[in-house]
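One structure is given below, encoded as structure tokens.
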Amino acid sequence: MKFYRSHILIGIDDSSLAAGVKEIEALLRSELQKNNLSDEINILETGTLGLFGTGVSMTVFPEQVTYVNLTAADVPEIVSEHFLKGRPVTRLALKAPLKKHYDYNYKNRIVLANSGKINPEDIKDYLAAGGYEAWEKALLIMQPGEVVDEVKASGLRGRGGAGFPTGLKWSFTAPIKAEQKLFVINADEGEPGTFKDRLIMEGDPHKLLEGIMIGSYAVGATKAYIYIRGEYKLCIHRLEIAIKDAYEYGLLGNNIFDSGFDLDIYIKIGAGAYVCGEETALIESMEGNRGNPRSKPPFPGVQGAWQLPTVVNNVETIANVPAIITNGSEWYKGYGPDGCSGTKVFTIMGDVNLPGLCEVDMGTSLRTIIDEFGGGVKEGHQFKAALVGGAAGVFLPIERLDVNMDYNSLRNYAAVLGSGAILVMDERADIVDMLYSVIRFFRHESCGKCSPCANGNEMLYKLISKIRKGKGAPEDLYNMDKVAEAMFHSSFCALGQSLVMPIRSAIEHFKADFLKRIN
Amino acid sequence: MYEEIFKKYTPEKENLIYILHEIQDTHPQQYISEEAVEWVAEYLQIEPSHIFGVLTFYTMFSTKPRGKNIIRLCESPPCFLRGSEKMLKRLAQLLKVKAGETTSDGLFTLELCACLGVCGNAPVMMINEDVYGDLTEEKLDKIIASYTGGEK
Ligand SMILES: Cc1cc2nc3c(=O)[nH]c(=O)nc-3n(C[C@H](O)[C@H](O)[C@H](O)COP(=O)(O)O)c2cc1C
Ligand code: SF4
Ligand code: FES
């Protein structure tokens, strides 16, 4: 093994790719080569460093210097100053407030603990970070029922939106006797504003795999699928590598660790339909059909894909499982409030200084998340609203900034945690426009299977367009609310049932914006 | 015809979406023709109507010929807030097409899409498999030029 003087971790994710990281990396390599440093300085591609709005960034170890907003012009300087002469270029390095932000952001991580710190394409990095210890423990020391009980006791709830207790879900499927059971990961991530699952899969794909292994063992599934949206090419690529390596290391396949337990993991790719995130639609899609939701019951846990008992869980949910098994449910409950234990990954975007993500205790206040992790509302502007939970979320006004971000606290405000997306709007944003964009999204994504949703969305779209053009009447607001409420009561799946949340909250808290257009 | 692709997948309906992705990705006009549907139907032993149903359901599939480069501009709320409508106008101006259309030289198809999961860099678009974020009008001009200048 080569000994390197320094390691450069470059965050490769869709965000940095969008900012041109590949060109900079290539330049860095050639500059290092030119200076005969290729054998001394190692470049590692890692997952997200958790800093968006900072362009291309990289961290150098052991110095722990993080460079941000890099351009091609900076590369020769960094190479000659930092790597040749040993003098970090402070001008380009992350400075005090941001540096604090960065360190703080890493303090409390469970699911993203390794992200940005290890090479996600090297299983050895994951093993060195304690990876697959939980899998070994679960499989060799624990009975499946004990695994279910431990997860139940941890209080872990589903991170896909609905917050259903994970251990309880598993306990329905575990006792069923069937020739075959399935464990399915929902990685369809289509809720606007949500990219947490992408960051987990890009930054630490083995953590998801380890969670799948433990979950499959717990419920007795011998086949697992990761259903992932087709656009997430980098995730797919990294998961494929991770699965291949896991087989090579004997972590998957037949008779794993001589335990008699078999497990195979497959990847299924979606093709662009938000509704396929709904678990029964996802199952239809996996089978090669249109992604129209099925009626429940029977629930997938009893009768899912190909009629087999099928547990469906979100990526983030399952990425919590290894740590729960390693450290125990009591430890896990040390994070977050009673009834909503653990951490939550939030994605913060819109009119903030530092769009990005954070992983914090459940129940952290919205204000803290926006100020501490999102870098505050854009310089020189004031907070107006936050759309919390994605398009199927709620518009919260300034009076709600101190709400704690957990399932129970948000429910008090008829709001939902949803996927954990937080879209911040400052005083320049118009809520009529924003609601128009939300409704347009739903109208496009309605699968058309049931008429309350198909027709309701058309009606809502007409109404909001009319208001937006200044042609609305006061009763249109009332009508929108009524349509959305009817959809809530009679739509076949949660997609059609969701619109009432953004519509009602927008009209309730930001009526002035609507009245301005109605005059 | 599509043997190379079929070889990789067992003839089961669950592989339909994979097969369609591959057929589309390898077609120079990035679409799935009626003829292709017939072939797939025969290989998988399912009704062509089922395949058409699937094709029209998912936004990543097209049943019409498209340009060499597919531009997908995100119009979901986070990108909308950060100016996706302005970007759409600029793209329409640059390419002289409306959303859903293909340029007369067949170089680009302009499409609108839902959240691509890169919202921290809103507004965002994808061209083929590459993601471009933090878009501004100037940046758009440059990006489009890099495709028309024969660089890609
Ligand atoms: C329209 C719609 C879209 C959804 N999209 C997703 C998604 O992208 N990812 C996800 O994990 N769950 C999504 N869900 C929730 C799933 O149906 C399901 O509750 C979840 O995958 C269960 O996993 P969990 O218990 O771990 O949260 C969606 C639900 C609806 C109604
Ligand atoms: S509510 Fe909407 S998305 Fe759900 S089944 Fe009905 S039409 Fe389809
Ligand atoms: S809203 Fe545009 S990428 Fe998410």
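Quick look at the numbers
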quantity	calculated
Three-way shape label, region A:244-302, alpha-carbon gyration tensor, a/c 1.5	oblate
Karplus-derived HN-Hα couplings along region A:410-416 (A = 6.51, B = -1.76, C = 1.60, θ = phi - 60°), whole Hz, x at Gly and Pro	5, 4, 4, 10, 6, 10, 10
Karplus (6.51, -1.76, 1.60) ³J(HN,Hα), θ = phi - 60°, over region A:147-164, in Hz, Gly and Pro reported as x	5, 4, 5, 5, 5, 4, 5, 5, x, 4, 10, x, 9, x, x, 8, x, 6
Over region A:343-426, relative contact order from alpha-carbon pairs under 8 Å, at least 6 apart, %	36 percent
Beta bridge orientation in the protein assembly as shown: antiparallel %, DSSP, nearest 5	50 percent
Gained length - B:Gln45 relative to B:Lys7, 0.36 nm times residue gap less alpha-carbon distance	12.2 nm
Whole-number percent relative contact order across chain B, with pairs defined as alpha carbons under 8 Å at least 6 apart	19 percent
Rounded to the nearest 10 Å², the accessible area of B:Thr136 at probe 1.4 Å	60 Å²
Where labels lie 7 Å past Cα in the beta-carbon direction, separation of A:Glu248 and A:Glu23 in nm	3.3 nm
Bridge type composition, region A:158-264 - antiparallel percent by DSSP, nearest 5	10 percent
Label point at A:Asp338 placed 7 Å out along Cα→Cβ; residues across region A:128-164 whose backbone nitrogen lies under 11 Å	none
Region A:343-426, accessible surface, carbon-and-sulfur percent (1.4 angstrom probe)	43 percent
Accessible surface buried once A binds B (1.4 Å probe; total of both sides; Å²)	3700 Å²
Shielding of A:421-430 by partner chains, average beta-carbon count, 10 Å	2
Sequence-distant residues sharing a close amide H with A:Asn314 (under 5 Å, placed H)	A:Arg159, A:Gly160, A:Asn186
Chain lengthening between A:Ala128 and A:Glu399 when straightened (0.36 nm per residue, less Cα-Cα)	92.9 nm
Apportionment of accessible area to carbon and sulfur, region B:2-57, percent (1.4 Å)	50 percent
Hz values of 3J(HN,Hα) by residue in region A:166-176 - Karplus curve (6.51, -1.76, 1.60), Gly and Pro given as x	5, x, 5, 4, 5, 5, 6, 8, 3, x, 5
Shielded residues, region A:264-300 - accessible-area loss of 30 Å² or more between chain alone and all protein chains, probe 1.4 Å	A:Lys268, A:Ile269, A:Ala271, A:Gly272, A:Glu287, A:Gly288, A:Asn289, A:Arg290
Built amide H within the under 5 Å cut-off of A:Ile267, gap 5+	A:Ile226
Relative contact order, percent, chain A [alpha-carbon distance under 8 Å, six or more residues apart]	13 percent
Accessible area of B:Leu91 in the full protein assembly, 1.4 Å probe (Å², nearest 10)	0 Å²
Global geometry of chain A, whether rounded, prolate or oblate, following the gyration tensor of its Cα atoms and the 1.5 cut on a/c	oblate
On Cα atoms only, tilt of B:84-95 relative to the major axis of chain B in degrees	80 degrees
Sites A:Asn455 and A:Phe164, calculated FRET efficiency, Cβ-Cβ separation with R0 25 Å, nearest 0.05	0.25
Region A:152-207 and region A:125-150: distance between their alpha carbon centers, rounded to Å	17 Å
Förster radius 35 Å - calculated FRET efficiency between B:Thr136 and A:Asp371 (Cβ-Cβ, nearest 0.05)	0.85
Ordering of A:198-204, A:401-407, A:217-223 by packing [mean C-beta count within 10 Å, highest first]	A:198-204, A:217-223, A:401-407
Carbon plus sulfur fraction of accessible area for region A:123-332, probe 1.4 Å, in percent	53 percent
Percent antiparallel among DSSP beta bridges (both partners in region A:6-95, rounded to 5)	55 percent
For the protein assembly as shown: accessible area per residue (Å², 1.4 Å)	39 Å²
Cross-link table A:Lys152/A:Lys333; B:Lys64/B:Lys142; A:Lys516/B:Lys86; A:Lys469/A:Lys516; A:Lys466/B:Lys89, entries beyond 19 Å C-alpha to C-alpha	B:Lys64/B:Lys142; A:Lys516/B:Lys86; A:Lys466/B:Lys89
Estimated inter-spin distance, B:Glu38 and B:Leu107, nm [label 7 Å along Cα→Cβ]	3.5 nm
Stretch gain in nm, segment A:Glu63-A:Lys85, where the contour uses 0.36 nm per residue and the Cα spacing is subtracted	6.6 nm
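The values are calculated or read from the model by the stated rules, or taken from the named source; none is laboratory data. Note that the coordinates shown come from a computational prediction; the quantities given were computed from them, not determined experimentally. Heads up, the Cβs are rebuilt from the backbone with ideal geometry, glycines too, and the neighbour counts pull from every protein chain shown. Please note that ligands, DNA and RNA were not included when accessible areas were found on the heavy atoms of the full protein model with its side chains. Shrake-Rupley method; radii C 1.70, N 1.55, O 1.52, S 1.80 Å.
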